[in-house]
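For reference, the structure is listed below as structure tokens.
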Amino acid sequence: MSDFAGLERELTIAIAEAPDEAALETVRVSALGKKGRISELLKSLGSMTPEERRQNGPLINGLRDEVQAAINARKQALAGAALEARLAAERLDLTLPMRESAIARGRVHPISQVVDELTAIFADMGFSVAEGPDIETDWLNFTALNFPPGHPARDMHDTFFFPPDAKGERKVLRTHTSPVQIRTMQAQKPPIRVITPGRTYRCDSDQTHTPMFHQVEGLVIDRTSHLGHLKWILEEFCKAFFEVPSVKMRFRPSFFPFTEPSAEVDIQCSRKGGEIRFGEGEDWLEILGCGMVHPNVLKNCGLDPDEFQGFAWGMGIDRIAMLKYGMDDLRQFFEADVRWLTHYGFRPLDFPTLAGGLSS
Ligand code: DAH
């Protein structure tokens, strides 16, 4: 007769000592698996005499039940211990400061914010957005805009020129957004009402000038638009943009080759202690140039100046951003300093709308 008691002792020890569920499973397979030792014993019952079977049957079945019960109990104990270990390892310290998600930490640059704000305002007045490339031909940047070749106004712009191509023509980094006026008048028939926010380039750098800066061009062409409309649009824009009931603006006669008459517009501000503040003080900051589109420019675009007329303006986006949000050095706009951006930037999901508020 087999040593059932010895086998039971042996298996009981192996079960008790199994360090984890994998080891316990190995013990189970060795005892109760298809070819396990207890399974083999159960199979051997078939070849026993009835007498032997009567005697051994209960013993072997009892052994199987004992071992199965011991395995179940150990399994439960091991699972409990594993859970305890996991809970201890994954403990959270709820007193730690919260870490912001990337979307909450990220900021929209003030220039992008201001472009969104002014687009919302002009869209409300019926303007759509026109675009053009940063690299322009000399013709679109100057000649078509009535700058005669060799005219000193070309030098006023501190242009970045590309090396001449095979035909001796030099492309330029556009010095203003005005070439998009030409592109628009060539591409669509009046009535035209567009704005063009975009990058512009001039070889210039100090507290209020950077080699790359931003302008928004405006263009209105039809049969009847005049300077009165222009003035109204600019005043309404400034009130909406600066979110105030009235703004002090000053229209000064000026010269641009592509407008006649031309004006420059200043906005009232204070510049105490090097800081520019809007809505107070007796200083003025120039924010835009404007005028009635010159007949030569209309002709260059295939429009008859006796039939069509209109006005245009070019506004410095960086300037109005500085004024509205109290930043004093333009160069910081382009330094990619995260501390600056965290302070002056805007939350990504607060998209500016006229109904919901531009800047809040
Ligand atoms: N392009 C001019 C500049 O950059 C600004 C300007 C003046 C644009 C008068 C205009 C305009 O459209 O009519 O200095």
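What whole-number value in Å² describes the accessible area per residue of the chain for a 1.4 Å probe? Walk me through the intermediate numbers first.
Values: 19910 Å² over 360 residues.
With all protein chains present, the chain gives 55 Å² per residue.
Between SER246 and ALA88, what's the calculated FRET efficiency when r is the beta-carbon distance and R0 is 51 Å? Round to 0.05. Mind showing how you got there, number by number?
Values: r = 66 Å, r/R0 = 1.30.
That gives a FRET efficiency of 0.15.
Give me the angle, in degrees from 0 to 90, between the Cα long axis of helix 4-17 and the longest principal axis of the Cα atoms of the chain, rounded to the nearest 10.
That works out to roughly 20 degrees.
Beyond 31 Å between alpha-carbons counts as too far, so tell me which of LYS167/LYS299; LYS189/LYS231; LYS189/LYS248; LYS34/LYS75; LYS171/LYS299 fall in that bin. The partial results should precede the final answer.
Working: LYS167/LYS299 26 Å; LYS189/LYS231 24 Å; LYS189/LYS248 35 Å; LYS34/LYS75 20 Å; LYS171/LYS299 23 Å.
LYS189/LYS248, as the Cα separations exceed 31 Å there.
Hand me the GluC sites (Glu not before Pro) from the range 279-319 located in a DSSP loop with no more than 13 other Cβ atoms within 10 Å, in residue order please. Please report the intermediate quantities before stating the final value.
Working: sites: GLU280, GLU282, GLU286, GLU307; in loops: GLU280, GLU282, GLU307.
Qualifying residues, ordered by number: GLU280, GLU282, GLU307.
Considering only DSSP states other than H, G, I, E and B, which GluC sites (Glu not before Pro) in the range 217-259 qualify as loop sites with at most 13 other Cβ atoms within 10 Å? Kindly include the intermediate steps, with their values, before the conclusion.
Details: sites: GLU217, GLU235, GLU236, GLU243; in loops: GLU243.
Passing both the DSSP loop test and the Cβ count: GLU243.
Tell me the angle of helix 50-89 to the major Cα principal axis of the chain, expressed in degrees between 0 and 90 and rounded to the nearest ten.
It works out to around 30 degrees.
Using a probe of 1.4 angstrom, how much of the accessible area of the range 4-89 is carbon and sulfur, in percent? Mind showing how you got there, number by number?
Working: 3190 of 5500 Å².
In the range 4-89, the share of accessible area belonging to carbon and sulfur is 58 percent.
Report the per residue volume, in Å³, of the convex hull enclosing the C-alpha atoms of the range 4-89. Mind dumping the intermediate values first?
Values: hull volume 6.1 nm³, N = 86.
With only Cα atoms used, the range 4-89 gives 71 Å³ per residue.
Give me the one-decimal nm value for the distance between modelled label points at LEU354 and LYS239, 7 Å along each residue's Cα-to-Cβ direction.
It is 1.2 nm.
Quick one: with all protein chains in place, what share of the accessible area of the range 107-344 is carbon or sulfur, to the nearest percent (1.4 Å probe)? Spell out each step's value before the answer.
Details: 5680 of 11090 Å².
Roughly 51 percent, rounded to a whole number.
How far, in nm, would the chain grow between PHE255 and LEU59 when pulled straight, counting 0.36 nm per residue and subtracting the alpha carbon separation?
Numbers: separation 196, 0.36 × 196 = 70.56 nm, distance 11.42 nm.
Roughly 59.1 nm would be gained on extension.
If you fit an axis through the alpha-carbon atoms of helix 21-32 and take the longest principal axis of the Cα set of the chain, what angle between them do you get, 0 to 90°, nearest 10?
Approximately 30 degrees, to the nearest ten.
In the range 137-191, which chymotrypsin sites (Phe, Trp or Tyr not before Pro) fall in coil by DSSP and have 13 or fewer other Cβ atoms within 10 Å? All intermediate terms of the calculation are to be shown ahead of the outcome.
Working: sites: TRP139, PHE142, PHE160, PHE161; in loops: PHE142, PHE160.
Loop-located and lightly packed - none at all.
Given a cut-off of under 8 Å on Cα pairs at least six residues apart, what relative contact order in percent is computed for the chain? Each step should come with its number before you reach the end.
Values: 539 pairs, mean separation 57.4, N = 360.
Relative contact order comes out at 16 percent.
The values are calculated or read from the model by the stated rules, or taken from the named source; none is laboratory data. Model, not experiment: these values are computed from the prediction. Every residue, glycine as well, gets a Cβ built from its backbone with ideal geometry; the counts of neighbours run over all protein chains shown. These area figures cover heavy atoms from the full protein model, side chains too; ligands, DNA and RNA do not enter into them. Shrake-Rupley method; radii C 1.70, N 1.55, O 1.52, S 1.80 Å.
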